[in-house]
1. Looking at the range 30-49, which of the residues that are among the polar types (S, T, N, Q) and under 15 Å from the mean Cα position of the chain (by Cα) is surrounded by the fewest Cβ atoms within 10 Å (Cβ to Cβ)?
2. Could we say that LEU144 is modelled with pLDDT of 95 or more and under 16 Å from ASP10 (Cα atoms) here?
3. Is it the case that some residue within the range 86-97 is over 13 Å from the mean Cα position of the chain (by Cα), surrounded by 16 or more Cβ atoms within 10 Å (Cβ to Cβ), farther than 29 Å from ASN156 by Cβ and not β-branched (Val, Ile, Thr)?
4. Can we say ASP127 is of a type in the set (Asp, Glu) and buried (at least 16 other Cβ atoms within 10 Å of the Cβ)?
5. Can you confirm whether SER17 is under 17 Å from VAL145 (Cβ atoms) and at pLDDT below 95?
6. Going through the range 50-64 one residue at a time, which ones are crowded, with 16+ Cβ neighbours inside 10 Å and either of a type in the set (Ser, Thr, Tyr) or more than 18 Å from PRO91 (Cα to Cα) (or both)?
7. Could you check the range 61-107 and list, in sequence order, the residues that are of a type in the set (S, T, N, Q) and modelled with pLDDT of 95 or more?
8. Determine, yes or no, whether LEU108 is closer than 23 Å to ALA57 by Cβ and in contact (Cβ under 8 Å) with a residue 40 or more places away in the chain.
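The values are calculated or read from the model by the stated rules, or taken from the named source; none is laboratory data. No experiment lies behind these values; they were computed from the predicted model shown. Positions of Cβ are backbone-derived with ideal geometry, glycine not excepted, and every protein chain shown enters the neighbour counts.
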Amino acid sequence: MSRMVIIDRDGVINQDSDSYIKSADEWIPISGSLEAISRLKKAGYLVTIASNQSGLARGLYSEETLQQIHDKMKRMLAVRGASVDGIFYCPHGPEANCVCRKPKPGLLIQIASKFDIDLSVTPFVGDSISDIQAAQMANALPVLVRTGKGEYVMQNYPEAVDVPVYDDLAHFVRDTLRKNAS
């Protein structure tokens, strides 16, 4: 069975914004995040993204613009000799009450089904309480990074206290690869 790491996008791979990432120009990677994905890929991991993109439902950007944002990320990864195996996102707003919007586990279950992975051994790296809750509901391994909303989550959500915390995606990957090498 393949090893996988599932990663939230905004606040983990790229800088987040309270007013949403609405264009490829606004998509700016967090230092070390793309290299971290490259290291995972070189170590034989599958890497997927699970992201809420309610800006689509809110009319802040189009599917075409979202594709342009993802194309920019893919180009920047390709320069580093890497790629992601899948990008899964929820296009709905919170009022839709869909199964794919985190904190519900739908995106993670879709990923597990498509790639035939065991979520109970699969980390989901996020920066928000909804990422942690989605991982827990899907029986995946929640991981919190301090980037994005991570610091806020640590200070305001006592239920996050038992979740492993890393400074950023690069530190999570370094420690994960180190543990699995020994």
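1. The extreme case among them is SER38.
2. yes
3. no
4. For ASP127, the condition - of a type in the set (Asp, Glu) and buried (at least 16 other Cβ atoms within 10 Å of the Cβ) - is met.
5. Answer is yes for this residue.
6. Correct list: SER51, SER54, TYR61.
7. Of everything in the range 61-107, those that are of a type in the set (S, T, N, Q) and modelled with pLDDT of 95 or more turn out to be SER62, THR65, GLN67, GLN68, SER83.
8. Spelling it out, LEU108 is indeed closer than 23 Å to ALA57 by Cβ and in contact (Cβ under 8 Å) with a residue 40 or more places away in the chain.
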